[in-house]
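The values are calculated or read from the model by the stated rules, or taken from the named source; none is laboratory data. Model, not experiment: these values are computed from the prediction. Ideal geometry is used to build each Cβ from the backbone, glycine not excepted, and the neighbour counts take in all protein chains shown. Remember, those area values only see protein heavy atoms, side chains included, never the ligands or the DNA or RNA. Shrake-Rupley method; radii C 1.70, N 1.55, O 1.52, S 1.80 Å.
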Amino acid sequence: MFSTGAFYQYREQCPEQDWVARRARLAEHLTRYETIADRLSACGYSTGSVTASPWTSVDTGFDSGFDRFVESSANDRAYSESSLVAGVDGVLSRLNAENAFNWKTKREWFAQWTGLYEEIQTAMAELSEPYFLWVFLLDSHQPYITPRRYRQETSALEMYYSVARYWHGRDSDDPLPEHAGRSIRRAYRDTVRSVDAFFARFLDDSPKGDPTFIVMADHGEAHGEHGTYGHERVLYEENIRVPLVVYGCDTSETVTEQLSLSQLPQIVFDSADSALTPEQYTSDFCLSKTEFDRVKSVRGHGWKYIVTPDTEELYNLTEDSKEQHNIVSNAPEVTDALRKRLQHHEITESERRQIVDRISSVL
């Protein structure tokens with residue numbers, strides 16, 4: 001499965017595009033389109049959400065269509081077991097400086113599922129059937145902070161060291177030492193173990209009957225494959241290839257063809273109708289973009305084309321799955337075909353936006 005619209009950090013190159021402006025753009029976008037929760041609510045579903053992401057909040061419009069909406073950043077409860085968070089909270093509270101260094105905003109990224117789980121249970125208990133529950137976890141997102149009982153590869157000191165090295169690396173031009181990269185990867189694997197523990201508990205606590213579970217991610221995490229960590233403004237496989245699992249439906253199948261996240265709403269609706277045919281959601285070509293369309297890519301038939309304002313890249317994924325050899329000058333026909341495919345998408349997308357804008361202005 002491949003991400004088609006993840007947001008990436010551009011503050012270094014475009015400081016005017018700050019987080020406040022991004023939240024405003026998200027809110028404006030949400031007002032223009034019907035959400036999954038809107039559609040399911042209209043079909044008679046009760047809808048609920050528990051989200052740990054600061055981007056998916058009331059002020060960005062993500063509560064649209066939800067009967068019950070809980071966001072970690074809007075609640076005074078402690079959503080993190082991190083001793084670092086507790087320690088900083090305590091020091092700043094005693095100094096009467098709770099928002100020093102913009103700490104309130106930064107601490108939102110430390111939310112862990114263990115602090116949200118009671119809210120998830122409450123939502124499952126209070127929503128009337130049939131219901132749609134959307135849960136957004138941040139545990140495997142930077143910073144990689146994991147509760148002690150789920151850590152196997154890192155001590156608390158190593159875990160916080162990996163966070164410090166990651167943040168330092170974002171602000172420094174110096175290459176990250178290999179030992180620091182290994183530490184970051186170990187901390188990341190521990191967060192994945194924590195998420196696995198969440199799913200095990202969630203499945204056990206879910207109501208019996210015929211619930212359907214859809215598990216997906218909105219972007220991947222790089223670990224030095226192309227000189228970046230986390231999810232920077234690049235579109236290599238480690239950042240755009242993400243998991244998708246549908247569990248509890250009548251179909252049992254592994255889909256090997258590529259599939260775009262743009263198909264997710266239809267997958268949700270078809271799952272609600274018990275009419276899931278996995279192959280119908282696959283695509284010959286999948287397109288991905290970073291924020292402001294600074295980097296764009298098209299992927300299909302074993303090839304990957306990436307374009308920026310200054311460069312073009314082409315990879316033969318069949319022979320070079322790690323995208324180490326740019327062969328854009330060696331395969332001009334393939335490059336031209338994928339370039340035209342991307343240009344065609346740009347034209348049709350522009351026309352679609354114009355139609356949506358005109359309809360919105362009339363309504």
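In the stretch 228-241, the count of residues that are touching a residue at least 60 places away in the same chain (Cβ under 8 Å), surrounded by fewer than 16 Cβ atoms within 10 Å (Cβ to Cβ) and of a type in the set (D, E) is zero. Scanning the stretch 268-302 for residues that are open to solvent by 30 Å² or more (accessible area, probe 1.4 Å), of a type in the set (D, E) and without any contact (Cβ under 8 Å) to a residue 24 or more places away in the chain turns up D273, D284, D293. Contact map, the stretch 13-34: residues that are over 21 Å from R233 (Cα atoms) and part of a helix (DSSP H, G or I) paired with residues that are at pLDDT below 85 and open to solvent by 50 Å² or more (accessible area, probe 1.4 Å), Cβ distance under 7 Å, separation 6+ or inter-chain. Pairs shown: R32/S360. The residues of the stretch 289-312 that are within 20 Å of the chain's Cα centre (by Cα), hydroxyl-bearing (S, T, Y) and modelled with pLDDT of 95 or more amount to a single one, S297.
What residue, among those in the stretch 132-164 that are of a type in the set (V, I, T) and either under 23 Å from the mean Cα position of the chain (by Cα) or under 22 Å from E71 (Cβ atoms) (or both), is most open to solvent (accessible area, probe 1.4 Å)? Can you show your working first?
Just the residues of the stretch 132-164 that are of a type in the set (V, I, T), to begin with: 135, 145-146, 154, 163.
Checking which are either under 23 Å from the mean Cα position of the chain (by Cα) or under 22 Å from E71 (Cβ atoms) (or both) leaves us with 135, 145-146, 163.
Numbers: V135: 42, I145: 8, T146: 4, V163: 6 Å².
Residue satisfying both the conditions and the ranking: V135.
For R352, the conditions (1) surrounded by 11 or more Cβ atoms within 10 Å (Cβ to Cβ); (2) in a helix (DSSP H, G or I) are fulfilled apart from (1).
Could you check the stretch 165-184 and list, in sequence order, the residues that are buried (at least 18 other Cβ atoms within 10 Å of the Cβ) and part of a helix (DSSP H, G or I)? It would help to see each step written out before you state the result.
Of the residues in the stretch 165-184, the ones buried (at least 18 other Cβ atoms within 10 Å of the Cβ) are 165-166, 169, 176, 180-181, 183-184.
Once the filter is applied, which keeps residues that are buried (at least 18 other Cβ atoms within 10 Å of the Cβ) and part of a helix (DSSP H, G or I), the stretch 165-184 yields R165, Y166, G169, A180, G181, S183, I184.
Whether any residue in the stretch 330-341 is closer than 17 Å to C286 by Cβ, of a type in the set (V, I, T) and surrounded by 11 or more Cβ atoms within 10 Å (Cβ to Cβ) is what I want to check.
Keep residues of the stretch 330-341 that are closer than 17 Å to C286 by Cβ, which gives 334, 337-341.
From what's left, of a type in the set (V, I, T): 334.
Add one more test, that the residue is surrounded by 11 or more Cβ atoms within 10 Å (Cβ to Cβ), and what stays is 334.
There is at least one residue in the stretch 330-341 that is closer than 17 Å to C286 by Cβ, of a type in the set (V, I, T) and surrounded by 11 or more Cβ atoms within 10 Å (Cβ to Cβ).
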